[in-house]
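> After the structure tokens below, expect a handful of questions from me.
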Amino acid sequence: MGRSLTVFYAAENSGGAGSFMPILMIVLLFGVMYFMMIRPQQKRRREAEQMQSGIGPGDEVVTIGGLYGTVAGVDDETVLLEVAPGVQTRYARPAVARVVNKATPAETVVEEVEVKE
């Protein structure tokens, strides 16, 4: 009878904390993956969408294929690029990788008018 009592105590003492550790390690692994991989990727995607929605005529851009051009027109889904004088090509908005130079607002020229008396 003494021997079965010893086995009962040994089984009771070793069961509690040992089964909780692997679950904790898996949860920590997913937490690290989220903060190291998923969250930065979502931030980059948000910034790219914001950049692509802010494209306007006159901006100089680079496509994902490495083509430099000036934005001639913008549609909901496409961008019309002028790659050479008189040569325009149409690209999907997500094909624009980055904006090289943002177009400055056209400055209005004020002409002086002479008043005749």
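Coordinate-derived values only; no laboratory data. It should be emphasised that the depicted structure is a prediction, and the values quoted were computed from it without experimental measurement. As a convention, Cβ positions derive from the backbone with ideal geometry for all residues, glycine included, and neighbour counts pool all protein chains shown.
> For the pair S19 and E47, what calculated FRET efficiency results from E = 1/(1 + (r/R0)^6), where r is the Cβ-Cβ distance and R0 = 41 Å, to the nearest 0.05?
After rounding to 0.05, the efficiency reads 0.40.
> Here is a follow-up. What net charge do the residues around L81 carry, taking every other residue with its C-beta under 11 Å from that of L81, with Lys and Arg at +1 and Asp and Glu at -1?
That sum, taken over residues with Cβ under 11 Å, equals -2.
> Calculated FRET efficiency, L80 and V100, Cβ-Cβ r, R0 22 Å, to nearest 0.05?
The value I calculate is 0.85.
> Do any GluC sites (Glu not before Pro) in the range 46-96 lie in a loop, going by DSSP, with at most 16 other beta-carbon atoms within 10 Å of their beta carbon, and if so which?
E77
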